[in-house]
Every structure is written in C-alpha cells, then in structure tokens.
Amino acid sequence: MQNWIDPERQALAKRAAKVLKDNAAHNRSGLPPFRLPQVAQQILDELSQFISARDTSPVLSLGLKLGQQGLGLRALLGLGRALLREVLARLPGMTPEALEEVARVNDYLTLLVDAVAEQERREIGVQRDEMQLALERAIQNRERELRRVIMELSTPIMPVYDHILVLPLIGKLDTERADRITECLLREVVDREARTAIIDVTGVPAMGAEAVAALVRTARALDLLGTHPVLVGIRPEIARALSDQDAHLAGIVVLANLQSGILYALRREGLEVCRRQLPQRGAALSYRGR
C-alpha cells in the first residue's frame, strides 16, 4: 500500500481537507478553517510513516498536538470514515493483502482518535477544575460578604445624644468579632467626636478569656482617644468571668444597666433628667442643662 498511497496523497489530502471544512463547526476556536488543509496534510503524512514503520508514538504525539490546537473529535471521526471509504475504493479488490492494508489504516485512525479524545478529556478536566475553583472562590467571597453584613448588623452603634454613643452587644463574642467591633466603634467615636461610649453586654450569654481580653482592649483604645468607656449590663455570670480572668477594669465605669449608663453619660455632658407633667400626655422625661 505504501507504493499506492504516495501518488494518491495529494488527492487524499484535498478530500480530507474538504471533510474537515465540512465539520469545522465541531472544532474549537483555536483551530481556524484556513489551517485545515495543513492539518489534513499532517494526518496523511503521518499515515504514510505509520504504514512504513508501525511506530505508534508519533501518531499519539500528532493526536495530542491536534487536540491541543482545537481539532474536534467529531470532525476527526468524520475524516476517518471518509478516509476509509477512499482507501476501499482504491484498493484492487478484497484480497487478504488489501484487507490487511485497511486494517493498518484503521489502526492508525484509532490511535489518532484515542489521542485526540485523551487531549479533550484532559482539557475537560482542567476546565472542570477551573470551574470548581471559581465556584469555591465565589462561595468564599459570598460567605465573607455575608459575614461582613452579619457583623455590621450585629454591632449597631447608636448615637443617643451629642457626643454619646451606645454599642449593644448580642451573641457570642470571639476574637474576630471583637476586633471588628473595636474597629467600627473607634471609627464612629472619631467621626462623631464622642466623649462617652457605652458598651452594653446584656445580650452576651457568656464571656471567656478571649472576650474579656477583647473587652478590656476596646475600653483601653477608647481611653487613648479621649473617650470615656462605660460598661453596662453586667450579669452575675459575666461578673464572675471578669473576676476569674482578673480583668483590669481600672478607669472603666461599670454600671448595672443601659438606663443608668445613659444617665451617667448625660451628667458628664452637664445634663440631668427631670420629670415634668405634660398636658394630656401624662408624665414625661426632659433634659435640662445645669
């Protein structure tokens, strides 16, 4: 067959190029149509070498290369069917020698298809891994955003009067959340020029060593900014935690509840709360300066 295929190679190359162009839609964008005649020629040149030497390595290398360039598996299968028809049409009858030559061509095409399929499998694997990684990054980014929103919602800083801020804490207080709280509180203290910051721990169910240390750090940071820290809502179990941790609360005012903390802060501003009767509305509270 080697003597037969050499004179027919150009005609077979044209036929192969036409088949590849007809199936160009199955190729990837990396393989433009104008390169298909060159691909067809490569395939036929390697077929000639395979029939002579029976070396499979160059065939597999060519298949991987064509797969990397974007040759689609369906386009290659179409070419294989057309090439086998061309071979059968040119062979001198169905002799054992002719059938052997057809088997060689089929072996070549099988190796080529397997190599292209392997390359596609690798690329699909890479794309799957990239998609998985992108999905994991998107999920992580979403989780971080949700945590940020939750932390912002869980640390509302409320101005109750000029230069007075209240920070009500609810839920577990760990190091990460405590650092976020300190950051937000200090920023608000600077922006609002607060002179008193009331930290309400009524909604904190328990307080371990990390929470106690974080609370003390926050109070010290407020003091460094010239803002008076006030701690309110100390329940018995939290008081025991503070005592067990030997927390250094010197300079930090500790009061029973938020109401007493607000009254204390108002007095520091030169204000006091008095009760007066309002028409048709019963008793109400009002502020007056000293």
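Look at segment 223-234: where a residue is farther than 13 Å from Ile198 by Cβ and a partner is crowded, with 20+ Cβ neighbours inside 10 Å and at pLDDT 90 or above, sitting 6+ places away or on another chain with Cβ atoms under 6 Å, you get Leu225/Val189.
With of a type in the set (A, V, I, L, M), at pLDDT 85 or above and more than 34 Å from the chain's Cα centre (by Cα) as the only criterion, which of Val116, Val59, Val102 stands out?
Val59
Please indicate, with yes or no, whether at least one residue in segment 30-37 is over 20 Å from Glu123 (Cβ atoms), surrounded by 16 or more Cβ atoms within 10 Å (Cβ to Cβ) and modelled with pLDDT under 85. No, segment 30-37 contains no residue that is over 20 Å from Glu123 (Cβ atoms), surrounded by 16 or more Cβ atoms within 10 Å (Cβ to Cβ) and modelled with pLDDT under 85. Just name the residue that is most open to solvent (accessible area, probe 1.4 Å) out of those in segment 173-200 that are over 24 Å from Glu272 (Cβ atoms) and of a type in the set (Lys, Arg). The selected residue is Arg187.
Sort through Ile170, Ile157 and tell me the only one that's modelled with pLDDT of 85 or more, in contact with a strand residue (DSSP E or B) (Cβ under 8 Å, 6 or more places away or on another chain) and surrounded by 14 or more Cβ atoms within 10 Å (Cβ to Cβ).
Criteria check complete, one pass: Ile157.
Only one entry in Ala178, Ala213 is closer than 21 Å to Arg240 by Cα and without any contact (Cβ under 8 Å) to a residue 40 or more places away in the chain, namely Ala213. Scanning segment 204-233 for residues that are open to solvent by 10 Å² or more (accessible area, probe 1.4 Å) and at positive phi yields a single hit, Gly226. Determine whether Ala75 is more than 14 Å from Val113 (Cα to Cα), in contact (Cβ under 8 Å) with a residue 24 or more places away in the chain, open to solvent by less than 10 Å² (accessible area, probe 1.4 Å) and in a helix (DSSP H, G or I). Against the criterion (more than 14 Å from Val113 (Cα to Cα), in contact (Cβ under 8 Å) with a residue 24 or more places away in the chain, open to solvent by less than 10 Å² (accessible area, probe 1.4 Å) and in a helix (DSSP H, G or I)), Ala75 does not qualify.
Contact map, segment 133-161: first residue within 30 Å of Ile262 (Cβ to Cβ), second residue modelled with pLDDT of 70 or more and part of a loop (DSSP other than H, G, I, E, B), Cβ cut-off under 9 Å, separation 6 or more or different chains; pairs are Ser154/Gly171; Pro159/Ala194; Tyr161/Glu269. Residues that are closer than 19 Å to Val253 by Cβ, β-branched (Val, Ile, Thr) and within 33 Å of the chain's Cα centre (by Cα) within segment 160-211 comprise Ile181, Thr182, Val204, listed in sequence order. Within segment 234-252, the set of residues being open to solvent by less than 60 Å² (accessible area, probe 1.4 Å) and modelled with pLDDT under 65 comprises Ala247 only. If you filter segment 95-125 down to residues that are among the polar types (S, T, N, Q) and assigned to a helix (DSSP H, G or I), you find that the one that is surrounded by the fewest Cβ atoms within 10 Å (Cβ to Cβ) is Thr110.
Residues of segment 38-72 that are outside any helix (DSSP H, G or I) and surrounded by 20 or more Cβ atoms within 10 Å (Cβ to Cβ): Leu71, Gly72.
The values are calculated or read from the model by the stated rules, or taken from the named source; none is laboratory data. Only a predicted model underlies this, so the values are computations on that prediction, with no experimental measurement involved. Quick reminder, even Gly has a Cβ in these numbers, built from the backbone with ideal geometry, and neighbours come from all protein chains shown. Heavy atoms of the whole protein, side chains included, go into the accessibility calculation; ligands, DNA and RNA do not. Shrake-Rupley method; radii C 1.70, N 1.55, O 1.52, S 1.80 Å.
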